[in-house]
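Shown next, in structure tokens, is the structure this report addresses.
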Amino acid sequence: MSLVLDAGSEDILGYCDLQLWHRTRDKSNNTTKVYKTEAIEEKESYKWIKAGKKTKDVLSQAAHVTIIQDREGDIYEQFCLVPDSRTSLIIRSRDNRRLADGSKLHSVLRNAPVLGGYLLTLPADLRKDKTKRVVEMEVRCQKVSIKKPRNGVGKEIAEEKELYAIEAREKNNDTKDGVCWRLLTDQPTLSLEEALKIVYRYTQRWYIEQLFRILKKQGFQIEESQLETGWAIRKLFLMVLNAALRVMQLYLAYGKEDCQELKEVFDQQEIDCLEAIEKNHLPKTPKTINPYRKDKLSWASWIIARLGGWKGNVRSQPAGPIIIKRGLDKFEDIYQGWKLAAFKT
């Protein structure tokens with residue numbers, strides 16, 4: 001699944017690629033010996049390269065495309081096949097790669113000079129007994145030439161690939177709990193300003209993690225679906241994806257004056273229904289008045305959050321994606337009844 005964001009506004013525009021498949025029991029994987037010698041096109045991990053190529057085709061009119069992936073996308077062939085003059089990669093490093101000069105990526109980054117730093121706020125995680133804290137991050141970057149892996153890479157692929165490596169590491173904390181991001185990109189990155197831009201771009205991958213959360217246990221519970229055929233599950237997944245996209249768009253617009261246009265997400269009938277809900281259904285007090293413009297998505301997000309159980313005053317905790325999802329479910333029920341009532345009249 002490839003989620004598309006506008007680089008300037010960070011508005012979610014939709015999906016540009018979606019791949020669905022069934023795994024067979026006899027399929028080789030990264031625990032079998034034959035897997036490492038297979039051509040990349042035969043591996044399931046080819047999905048990352050395929051997604052990159054499809055993204056370039058679908059977004060061919062974009063001024064520039066930056067593809068951001070987590071560690072699973074750290075594939076040598078991808079760095080050689082996907083980037084071009086209008087397409088860049090930012091991928092979190094998975095492997096301590098061999099470099100052309102015989103050194104290793106992690107040690108080169110560790111020995112690079114510190115360009116500067118920034119403060120990072122880490123939220124509390126009750127599941128892991130971690131409290132909220134602010135940490136000081138050190139930033140390093142280095143131009144590197146990664147070496148082609150010894151096995152499984154075709155002869156047509158270059159022996160070396162020049163990239164830029166960035167490391168953002170928690171200062172004075174080398175324990176397993178310390179924060180450390182190592183990123184690889186083809187975008188020239190040698191200064192602190194350039195490195196921080198890459199780090200910030202990588203944090204936007206968080207949006208797709210939020211989307212997965214909405215799809216799973218606390219949201220649409222797609223993993224608990226029980227249907228007779230795989231094709232039925234696929235169809236259900238496609239329908240749920242559209243609903244999950246709207247939840248994400250509303251969540252990102254929540255509380256923002258400058259956000260996505262309302263008509264990009266809701267049609268006129270739905271907007272009329274939202275106006276009726278705001279006027280006749282929601283309790284009003286001096287502290288619970290919708291403060292947003294009616295042409296902005298934040299106006300609808302405020303109403304949907306109220307339907308989802310958010311109290312609506314400034315002392316309330318901000319509405320999260322699950323509250324937005326509950327509110328959207330309730331809105332859909334109201335909307336169907338509202339359309340029936342309008343039809344009868």
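Below are the figures for this structure:
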item: Cut-off under 5 Å, modelled amide H: who pairs with Ser88 long-range; result: Val65, Thr66, Ile67
item: Relative contact order of segment 214-316, defined on C-alpha pairs under 8 angstrom at six or more residues apart (%); result: 26
item: Listed values (1) 185; (2) 148; (3) 170, entry calculated as volume of the Cα convex hull per residue in Å³; result: (1)
item: Listed residues Trp310, Trp48 arranged by accessible area, highest first, probe 1.4 Å; result: Trp48, Trp310
item: Under 9 Å, Cβ to Cβ, from Asp295 - net charge with Lys/Arg +1 and Asp/Glu -1; result: +3
item: Accessible surface ranking that places the most exposed of Asp129, Asp329, Asp74 first, with a 1.4 angstrom probe; result: Asp129, Asp329, Asp74
item: Net charge contributed by nearby residues that have their C-beta within less than 15 Å of Gly116 (K/R +1, D/E -1); result: -2
item: Distance between segment 200-226 and segment 247-273 - C-alpha centres, whole angstrom; result: 20
item: Per-residue SASA entry for Arg234, accessible area with 1.4 Å probe, Å² rounded to 10; result: 50
item: Contact order normalised by residue count of segment 246-300, Cα under 8 Å, 6+ apart, percent; result: 57
item: Solvent-accessible heavy-atom area per residue, rounded to whole Å², over the chain at 1.4 Å; result: 59
item: Gyration tensor verdict on segment 257-340 (Cα atoms; rounded if a/c is under 1.5, prolate if a/b is larger than b/c, oblate otherwise); result: rounded
item: Solvent accessible area, Å² - Asp174, 1.4 Å probe, full protein context; result: 110
item: Portion, in percent, of the accessible area of the chain that falls on carbon or sulfur, probe 1.4 Å; result: 50
item: For the chain, built as a Gaussian network whose Cα springs stay under 10 Å, the top-fluctuating residue of Met137, Met248, Met239; result: Met239
item: Mean separation of Cα contacts under 8 Å, 6 or more apart, over the residue count of segment 72-150: relative contact order %; result: 28
item: Neighbourhood charge, 12 Å Cβ-Cβ cut-off, centred on Asp17 and excluding it, Lys, Arg +1 and Asp, Glu -1; result: +4
item: Estimated 222 nm signal from helices in the chain, with DSSP H stretches of n ≥ 4 weighted -39500 (n - 2.57), rounded to 500; result: -11500 deg cm²/dmol
item: Segment 275-315 and segment 128-169: distance between their alpha carbon centers, rounded to Å; result: 45
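The values are calculated or read from the model by the stated rules, or taken from the named source; none is laboratory data. Since the model is a prediction, treat every value here as computed from it, not as a measurement. All Cβ positions, glycine included, derive from the backbone under ideal geometry; neighbour counts span all protein chains shown. When the accessible area is computed, the model is the full protein with side chains, heavy atoms only, and any ligands, DNA or RNA have been set aside. Shrake-Rupley method; radii C 1.70, N 1.55, O 1.52, S 1.80 Å.
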